[in-house]
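The values are calculated or read from the model by the stated rules, or taken from the named source; none is laboratory data. Please read all numbers here as calculations on a predicted model, not as lab measurements. Glycine also receives a Cβ, built like all others from the backbone with ideal geometry; neighbour counts cover every protein chain displayed.
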């Protein structure tokens, strides 16, 4: 499997990918990702070079966004002073579930963040998805705190405010990393 930056031509695939994940989460009783993600915002992140795709032949097996930018209102100023990278939208295709692809992608993100000089790989997870939170703990993340207020919509309740981090470092993720071929 190889990992590459997403391209604007991947937009429809990524939107469908998210819909597939939302449907699966709904079957599990979670409201995570129940609202469609705005295509224009996703295209902006693709064009910024922060969205990555794991491809298994011609099939998209997983995706993750890895960015130096934290979502507003989650991390404290002293935390933001520490070199960090933030992951979000980690998604594995149902066809590739159960193969530790998510764990390998987290290892890739931590290794890439380490190469970029970051000390921490950080994330915010859905506040009500306890199974996802347990998954990240098993992947070596430490729960920092849960932020429940200050959501993006009118400052209401926050749905994705379970904060966790783990140290970055070299990792043997096993992907053919082609991301440097696309670097500017």
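Give the number of residues within the stretch 49-59 that are modelled with pLDDT of 90 or more and surrounded by fewer than 20 Cβ atoms within 10 Å (Cβ to Cβ). Please lay out each step first, then the result.
As a first pass, look at the stretch 49-59 and keep what is modelled with pLDDT of 90 or more: 49-57.
From what is left, the residues that are surrounded by fewer than 20 Cβ atoms within 10 Å (Cβ to Cβ) are 49, 55-57.
Selection size over the stretch 49-59: 4.
Does the stretch 50-68 hold any residues that are touching a strand residue (DSSP E or B) at 6+ places or on another chain (Cβ under 7 Å) and free of Cβ contacts under 8 Å to residues at least 60 places away in the same chain, and which are they?
To start, the set of residues in the stretch 50-68 that are touching a strand residue (DSSP E or B) at 6+ places or on another chain (Cβ under 7 Å) comprises 50-55, 60-68.
Hits for the stretch 50-68 are 50, 51, 53, 55, 60, 62, 63, 64, 65, 66, 67, 68.
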Over the stretch 41-75, the set of residues in a strand (DSSP E or B) and within 12 Å of the chain's Cα centre (by Cα) is 51, 52, 53, 62, 63, 64, 65, 66, 67
